Structures are given as structure tokens and as C-alpha cells.
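Please treat every number below as a calculation from the coordinates, not as lab data. Just so we're clear, the structure is a prediction, and the values are computed from it rather than from any experiment. All Cβ positions, even for glycine, are placed from backbone atoms using ideal geometry, and neighbour counts span all protein chains on display.
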Amino acid sequence: MSDPMKIRASVVGDVTEVKVLMSHEMETGQRKDAQGQTVPAWFIQNVVVSHNGKTVLAAQWGTAVSKNPFLSFKFKGGAKGDKVSISWTDNRGDKRTDEAVIA
Amino acid sequence: MTLSSRVAIFALSAIVAGCATSVDEGEIAAKATAALKGSFRPSGQAGLDRLDQDETQRVCSAVAGKVPPKEIAAKIEQTNLATVRYPADGKLLGDWKNGEKIAQEGRGMQFSDSPGGPVGANCYACHQLSPTELSFGTIGPSLYRYGKQRGNGVDVQRYTFAKIYNSEAFTACSNMPRFGHKGILSEQQIKDLTALLLDSASPVNQ
Amino acid sequence: MINRRRRKVLKSGGSAALLGVFAAAGWVGPAEAQSQWNKTAFDSHGLPETMKALGAGDPTPSKDVVFFQTPEIAENGAVVPIGITSNLPKTESIAILIEKNPNILAAVFDLPAGTEATVSTRVKMAQSSNIHALVKADGRYYVATKEVKVTLGGCGG
Amino acid sequence: MMVLRAALALAAMAIAPALFAQGSTADEIAKYRAALRDGNPAELWEVRGEALWKQKRGPKQVTLGGCDLGLGAGVVKGAYAQLPRYFADADRVMDLETRLVWCMVQLQGYTEADAKKNPFGSGNEKKSDLEALTAYITSEARGAPMKVALSHPKEVEAYRIGEKLFFFRGGTHDFACATCHGEDGKRIRLQDLPNLMTAEGAQKAYTSWPAYRVSQGELRTFEWRLYDCFRQQRFPELVFGSDAAIALTMYLARNANGAPYDGPAIKR
């Protein structure tokens, strides 16, 4: 089972800054293990961030995004106490959603 | 190494160890040795025999990072110089292109390395050599233009080969491994590194 | 708990149609249901091929596309911080392309109105390479390029 | 005079490219490191470790809440900054990792072998609970000044043994810890090497472990740092929680006294 994300969301003026760390291998599919076998690709393909049910960021990722990915961006309209929800889906179909309250 | 020189070094090592002592210095040293022996396990190609020190290692550990006294240093250098085996064919310069690869290669002799795998000298870990390699260390002096500054005479070739073969022959308690003496590099590899440093076509001398 | 249940359901279902149903039921956000993955673009190799797959053709170089927190030299290619800001009006998306990676496209970020045109993430680089920041603004494509060198690690490996 | 000055200028020009390249490389690497500091994946380990600390686990199904890390049962805040230390209940000087194993055995009923069977994790399939717990405990000491005592005779002994081991040259390459960490201002490849014999060097180095290693995508503890240094020294394998590991940790932690603890950090 995947580990929780670490999400930070804070508002200054009317701009909310979101920073998130996700726990994921982001395996490229090109690495070989100790036995010389290719380790199959395993990576997050889609990330969606929503605020009050509205999408504020939709990302598509390839294998080149680093292991334990980090993402930071800013959107307008958030307020202290609002919830920001982040979901990812990987190429195996696993997915995870975590929420954070805007500080 | 002759028996008498071995005895002499051992006696000196005892003196060095005795320099900065408090009453229980010997006891702490004994406990440190015991702690060491009980704290490692053999792994891969690295057996516990790697914790057995030779005289040079023992003396250089005892001086605790300081330069050993002159006579002791001279003794270390003399005994180590005696270990250098120059090539039987008299040729000291190999292929600098191979030398560059050996200088870049950091693997070899670690418990995690496969015993048949590549063994390098990892020169760039400590020295600047070719100016195009930006990732170089500074534990040792820059060797950029090593040959250009010194020329390529037989004496320089012999010194360079011997320095790589056994660094302690010239600088007692040097940080540099004794690549030939300890069987890390082959004679051919040391020739290739000598060429990397001295060949006029080598990037080191551009 | 909710996560686990949701994942189970998705695993057993998994089709786009089903996602639509969930979206209607309010279980997943609308964008999740819509989100797609541009397989053609992510599987592309050459730079022109990748640009084409993204619909970018031959993008216009622009000084309004700016890198930030992107070092010229990365100590390790496994994690290279990349920040991109677009000062172009109506910026719709930002993509990161790494020219010398086996697959050039690293990421695409779609930015709905109200989201600032600035993203920061970290990517893997196989070797020193040009990095292209491709921006779609008001239906047109713009690009900025920065070279990032990747150095070797320490001793022994 | 003119001639000499011209010659000097020429010489300066000749060495300038190398020096320039070195200077700008260091600047750029510094920027790289600064850019990584914000959003350290070590936080993912801290979150997991906190959950493990508070979870009822082991044959006895109890939490680690009763574990005494030196400041009293269950006190986590700042504890790491005062380790290693002598623990009377074990009659031994212990570092954090060794103490965690002790608590897992004494409180939770694990066998010692079980408690320390996976000290260094590897990927998603082989996560290390010890690394996660260590990340959590150390994160709770962030900002606390390093204050390692040499009050018990066994603490003094561990420190002095650690110092001896720091200078021990052995293996195929004659390396000691001091080979790389005994001088100011040196680097290996592009990595700066702290001089661990000075307070400044030890402070900077010791207070930044554990660290997320971007080259491995893993969080690594100070026990791992020692283990992997010895691997690169071409020594055999350092045993987790061994006397040598604890003595060296004692030597370095004590040398770091006075500095605010600043981990878990992020490194190459």
C-alpha cells in the first residue's frame, strides 16, 4: 500500500501556494536489477489537484519525473481553512488521494 | 623488507604511540582494537584480514593525522621504496587513453564489488587531471599539466611509476593508496596512468 | 479507509466510462475523469517527433518563458530541480522536455484559468542535456531552452 | 619589472580557465543544493516513523510510548541532540538506532534479530522501520543544540575509542576516516569533505544526518553513513549497532556539541 503524501498549502493575499511530496518509486523501466533483469516501468501518470471541487492543476507525468516526486504551484481563490485535494494515478492503475487544509 | 628494518620500524611505532599518552592510553588502544575486531563481518571479497595492519599502517595510524618525526618518516619511505617492482621490459609508459579510464573508474576491492569486476584508481576523486573533467577532488594536488611541467625524461618516468606503485616510498603516511604494492592495480594499469600523466598527447598536458 | 475502498473499486472497474460514473456520483473530481495520458508524446524519441505529438510543431522561442531554481550544474542526475514560469497571457499549459533522455517528454502541466503560470518539480536526467520549457498560450506554442550539466558522483559509487 | 609583470599576467591567464571553471562549478552546485532544500522527501519517512512510534506493534502489542531515549520514558522532543549516551538499564552507551532496537525488544517483545533485520531499506518492497523511526525522532530534535555528555566513564571510553578508530588505517587502500575527513577545505570529486576533527566540520556534518540521498532515493541514517564510509574504505562490513559504530558516533556527535541539530537533511 502506498504511503500518504505530504502536502503543504498556504495562502498569502489571494494566492495559495501548494507544495506536495509523494511517495512513489517512479521506476523508469530501463533500470536492471542485481540479476540483470529489467525492472518494469512503474510511475505516476496523472496528478490532479482540486480546490472546492474545481480542478486547479492537471498534470501528466512520464518516467523522467524523479522518485518520491515533488511538485509546487500557485492558484488564486483559496482561503484559510479550505481543503485542497490531490490525487495521483500510476501506470498500474493504483491511485491515492490525500487532502490538506490551507493554512 | 629486512628483518632489522622491520624491528626498527616497530620500535619507532611504539615511541610514536607513546608520545601523547595518558596513563591508560595503552588500555584504550587495546579496547579500540577489540572493538574493531568485534564490529565487522566478512563480506564479499573483503575479509576480516583487511583489519590486520602492516607496519606502515600501524605507524601512520599512531601519529593520528600528524606528520611522523623525520627519522620515522625516512624509515617508512625506505622500506616502502624497497617494494617497488619496475617493469621487466623497462617500458614505463603505456596507453594514456586507458589511463584516463582507470583514473575515472572508482570501483574495485569494495565488499559490494564483484571480485572479477573492474578495478580503477579513482584518481579524479582526489586530483585534477584532464581540464575537461570538472568533477575532481582536492585531497591531492592538481596534476593538470603534470608532464608539461616536469618533462618526460626517464627519471621522471621512473619517479611517476614508483609514486603510483607505492606512494609511501616518497611521502610517509601519504593519503594516497599504494596501488602496486597492495595489488590494487596491475603493472600495465600503472604504466597506462604514467602515460596519462606524462604523454604529450594526453589531455592532462594540453 | 476511503482511499483503500476507492482504489479497490477503481481496480476492479478501471475503464474511463466507469470513471465518468464515479464523477457523476461525486466520488472523483471531474478532472480526474477527464484526465488522459498522451501516450504518443511520452513514447516519442526525437525532439521534432515529440513536439509534433504534443501538437506544438515548431514553437516560437520566447523570453517570456523563464526558468527559475534550475541549476546549470546538477550534482546528481536522479533529481534535477526544474522551475518554469510563463509571463505570456493566457498560458494554458507548461511542458518539460529533456532532449537527451531516452524519452524526451518528462511532464505536462495543464493550468486552468486562475492557476498561476508557474510550476516547479524535479526530473531525472540521463546525461547533460538541453531542457526545453514548452508553453501553450492563447492557442500558440512558445519555447525556452536551458542547458543543464550533470556531474559524476563521489568515490566508489 | 615590466617584463616580470607581463610574465606573471601570462601565467595567471594560463591557470585562469581551470580556476574559473572550479569556482563557477562550486557556485552552481550550491544553487542546486539550495533548490532541493524546499520539499525534502525525508518528510515522507518522518510521517511514516511517527505512525510507527504511536502504533501498537510487536508480540506484546504496545506502542513505543514508554521508550526512554535518555530524557525520560516517551520523551521524543530534543532527545536525539543528546545521543549517544550511557543507559544504566542496558549498562551500555547507545546511539539512537541501538536504543530503538532495545525498546522494540524490551517493550514490544521483538527478538533482537527481528528488530534489527532491516536497518537500511531498499525501495518500496523493503522499507526499513528503523529508518522511518529514526527520521521521526531526529525531526523532533530539529533546532535543539547538540549536547552530548561525557559524564559516565563509559561515555568517556566510547569517545576515546572512537577517536582511535577515526585514525585507524587499514584495508587494501590504507584508508582511515581521517584520510578524507582530517583537513579543512578538501573535496572528493565535487563533494565537500568536512574536517571532522574540528568543531565546525563535525557540527556541519553530524547535524545533517539522517539525510535523504537523492542518488539513492532513500533516507539514510548516521549508522548507514558509517557503514557506507567503511565500504568505500575497502573495509569489511560494519555491523549495525556494533561497538565501533557507537564509539565513532560518540566521537563525532560530541565534536558537534553546541551546534543546533538540523536534520533530516537532503544530500546528493
Taking just the C-alpha trace of the stretch D:62-212, give me its Rg and Dmax in Å.
17.1, 48
Taking the alpha-carbon centroid of each part, what is the distance from the stretch B:141-188 to the stretch D:152-179 in angstrom?
28
Given the DSSP H assignment, sum -39500 (n - 2.57) over each helix run of at least 4 residues in the protein assembly as shown and divide by its residue total; what's the result at 222 nm in deg cm²/dmol, nearest 500?
-10500 deg cm²/dmol
For chain D, set up a Gaussian network in which alpha carbons nearer than 10 Å are linked by springs, and say which option among D:30, D:135, D:144 fluctuates the most.
D:30
Say R0 is 56 Å: what FRET efficiency, to the nearest 0.05, do residue D:192 and residue A:79 get from their beta-carbon distance?
0.80
Please compute the modelled spin-label separation between residue C:49 and residue D:124, points set 7 Å along Cα→Cβ, answer in nm with one decimal.
2.8
Between the modelled labels at residue D:38 and residue B:155 (7 Å from Cα along Cα→Cβ) the distance in nm is 6.0
Please report the relative contact order for chain A, taking Cα pairs under 8 Å with a sequence separation of at least 6, and give it as a percent rounded to a whole number.
32
Please tell me the relative contact order of chain B in percent, rounded to the nearest whole number, where contacts are Cα pairs under 8 Å and at least six residues apart.
25
Using modelled amide H (1.01 Å from N, peptide plane; none on Pro or chain starts), what sits under 5 Å from the amide H of residue D:127, excluding residues fewer than 5 places away?
D:122
Alpha carbon centre of the stretch D:126-143 versus the stretch D:32-104: separation in Å?
6
20 °C / 1.002 mPa s Stokes-Einstein diffusion coefficient of chain D, Kirkwood radius on C-alpha pairs, µm²/s:
107
Kirkwood Rh, Cα atoms: Rg over Rh of the protein assembly as shown
1.01
Roughly what percent of Cα-Cα pairs across chain B reach past 27 Å?
40
Which three numbers, in whole Å and largest first, are the semi-axes of the equivalent ellipsoid of the stretch B:122-162 derived from its Cα gyration tensor as √(5λ)?
21, 11, 7
Could you tell me which Cys residues in chain D have no other cysteine's Cβ under 4.7 Å from their own Cβ, answering none if every one has a partner?
D:177, D:180, D:229
Give the aspartates and glutamates whose C-alpha is closer than 18 Å to that of residue D:117, dropping any in the same chain fewer than 8 places away, or say none.
D:95, D:97, D:125, D:129, D:131, D:218, D:223, D:228, D:237, D:243
Computed FRET efficiency, Cβ-Cβ of residue D:89 and residue C:58, R0 60 Å: what is it to the nearest 0.05?
0.25
Could you give the angle, 0 to 90 degrees to the nearest 10, between helix B:25-39's Cα long axis and the longest principal axis of the Cα atoms of chain B?
60
From the cross-link list B:37/D:186; C:63/D:31; A:80/D:204; C:149/D:126, which pairs have alpha carbons spaced over 26 Å apart?
B:37/D:186; A:80/D:204; C:149/D:126
Value of Rg/Rh across the stretch D:37-98 [Cα atoms, Kirkwood radius]
1.03
Working out 0.36 nm times the residue gap between residue A:99 and residue A:52, then minus their Cα-Cα distance, what length gain in nm do you get to one decimal?
15.8 nm
Surrounding net charge for residue D:139, when Lys and Arg each add one and Asp and Glu each subtract one, Cβ distance under 9 Å:
-3
Thinking of the stretch B:96-205 as a set of Cα atoms, what percent of all their pairs are more than 17 Å apart?
52
To the nearest 10 degrees, how steep is helix B:187-198 against the longest Cα principal axis of chain B, on a 0 to 90 scale?
60
Helix axis angle, B:70-81 relative to chain B longest principal axis, alpha carbon, degrees:
60
Report, in whole Å, the centroid distance computed from the Cα atoms of the stretch C:79-136 and the stretch D:190-268.
35
Using the C-alpha atoms of the stretch D:26-134, what convex hull volume per residue, in cubic angstrom, is computed?
137
Rough spin-label spacing in nm, given labels placed 7 Å along Cα→Cβ, for residue A:14 and residue B:37:
7.7
Across the stretch A:6-101, how large is the tail of the calculated P(r) beyond 22 Å, expressed as a percent of all Cα pairs?
34
